[in-house]
1. Considering (1) out of contact with any Ser or Thr (no Cβ under 7 Å at 6 or more places or on another chain); (2) modelled with pLDDT of 95 or more; (3) acidic (Asp, Glu), say which one residue 260 fails and leave the rest.
2. Part of a helix (DSSP H, G or I), in the same structural domain as residue 146 (by TED's automatic domain parsing) and under 21 Å from residue 143 (Cβ atoms): does that describe residue 238?
3. Among the candidates 68, 63, single out the residue that is under 28 Å from residue 31 (Cβ atoms), of a type in the set (Phe, Trp, Tyr), under 15 Å from the mean Cα position of the chain (by Cα) and modelled with pLDDT under 95.
4. I'd like to know if segment 329-343 contains one or more residues that are surrounded by 21 or more Cβ atoms within 10 Å (Cβ to Cβ), touching a strand residue (DSSP E or B) at 6+ places or on another chain (Cβ under 7 Å) and within 27 Å of residue 102 (Cβ to Cβ).
5. Which number in (1) in a helix (DSSP H, G or I); (2) out of contact with any strand residue (DSSP E or B) (no Cβ under 8 Å at 6 or more places or on another chain) marks the one condition that residue 217 misses?
6. Give the number of residues within segment 41-60 that are within 20 Å of residue 284 (Cα to Cα) and either modelled with pLDDT under 95 or not small (Gly, Ala, Ser) (or both).
7. Identify, by number, the condition in (1) in contact with a strand residue (DSSP E or B) (Cβ under 9 Å, 6 or more places away or on another chain); (2) more than 22 Å from residue 317 (Cα to Cα); (3) not assigned by TED's automatic domain parsing to the domain that holds residue 301 that residue 195 doesn't meet.
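The values are calculated or read from the model by the stated rules, or taken from the named source; none is laboratory data. Note that the structure is predicted; figures quoted are calculated from it, not measured. Glycine also receives a Cβ, built like all others from the backbone with ideal geometry; neighbour counts cover every protein chain displayed.
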Amino acid sequence: MFKKIIILLFVALFLSGCGQKIKTENTQGEKELNIYNWEDYLGETTIADFEKEFGVKVNLFTFEDEDFMLSDVQVNPDKYDLIIASDGLIYNMSELKLLSKINKNDIPNLKNIEDKFLNLWYDSENNYSVPYLWGTTGIIFNTKYIPEDTDSWSILFNEQYKGKIAMLNNNEEVIGAALKYLNYPFMAKSIEQLEEAKLIAEKQKDIISGYEDVVAIRSEMIDEKLWVAQIYSGEALYAMNENKNLKYIIPREGAEVWIDNLAIPSEAKNKETAEKFINFILRPDISADIANYLWYANTNDAAREFTNAEILEDEALYPPQDILEKLEYLKPNKFNNEYNKIWSQLQLK
């Protein structure tokens, strides 16, 4: 889900001085596990099942933005025992020494993860992260109002749909879409490419409803307040189940692929319990239950036999090889400052 990481000092000061604007389900108890996750990003009964089986009280904290989450963990390094984070965030947090090395002996179910999701660029030996769910960032649209054969990023820049378009509230996603519209890589290779993308994104700002949280986009697409939007694949499939007029595409120009991961903060108080939860999540039945509930693609190969066939067969979730070859990870680049400046200007526009 989503995925650019910025270390925001003023956010950190805000968190430490003014309290945290975090949704929580928090109670006190001797055997506890504090999880920091996106909203609605586990199975319907995952936490309850774990609590019942292991006698642990789980306190769930949720965030809507990874920048905020990063700053929160920096300010409160011992508050959370387990976090869910994107590939790029895992890379940055490990560089900042914010993650604890995982004891793989405590997680025998690691063997269930498909090989292609292991030892990737952001954690070459999976010392700090365990792959959880994966997906793509593409486009969702309503076929009542948008041509069904739409297959390009250009639809998000079409003035004909002014006020009915939404973009994710994330700088790399927004700028990346403008870059793909220009047939450039999702991550800019030069300042010149970024400048061109900036001009496109500025024009787009005048016709969109706004930069929005993915859950809000999902809801507004279901209710048909929006006609077309940038979205994560799993959220798109959820929306499509609620409104049969909706369709998700990976544009012909290519798109972003990402992996969300389970990780343990470096000063977690309940590290062993966190590893127990990770091992629980990696059980084939539990992992499949999460995928079936969320409609997200799973990294757990052993869970396939328990996963609904319509999920496994859906090319929006499991793209064919020719589409996979057009997907890109959002890797760190040397233009972070430029991205941040453009994003600040877009938000003020």
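1. Evaluating residue 260 over (1) out of contact with any Ser or Thr (no Cβ under 7 Å at 6 or more places or on another chain); (2) modelled with pLDDT of 95 or more; (3) acidic (Asp, Glu) leaves (1) as the failure.
2. Answer is yes for this residue.
3. 63
4. Yes, segment 329-343 contains at least one residue that is surrounded by 21 or more Cβ atoms within 10 Å (Cβ to Cβ), touching a strand residue (DSSP E or B) at 6+ places or on another chain (Cβ under 7 Å) and within 27 Å of residue 102 (Cβ to Cβ).
5. (2)
6. 12
7. All conditions are met except number (1).
Residues are listed down the side, and each one gets a yes or a no for (1) among the polar types (S, T, N, Q); (2) under 23 Å from the mean Cα position of the chain (by Cα); (3) surrounded by 24 or more Cβ atoms within 10 Å (Cβ to Cβ):
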{"position": "159", "(1), (2), (3)": "no, no, no"}
{"position": "169", "(1), (2), (3)": "yes, yes, no"}
{"position": "199", "(1), (2), (3)": "no, no, no"}
{"position": "211", "(1), (2), (3)": "no, yes, no"}
{"position": "218", "(1), (2), (3)": "no, yes, yes"}
{"position": "231", "(1), (2), (3)": "no, yes, yes"}
{"position": "235", "(1), (2), (3)": "no, yes, yes"}
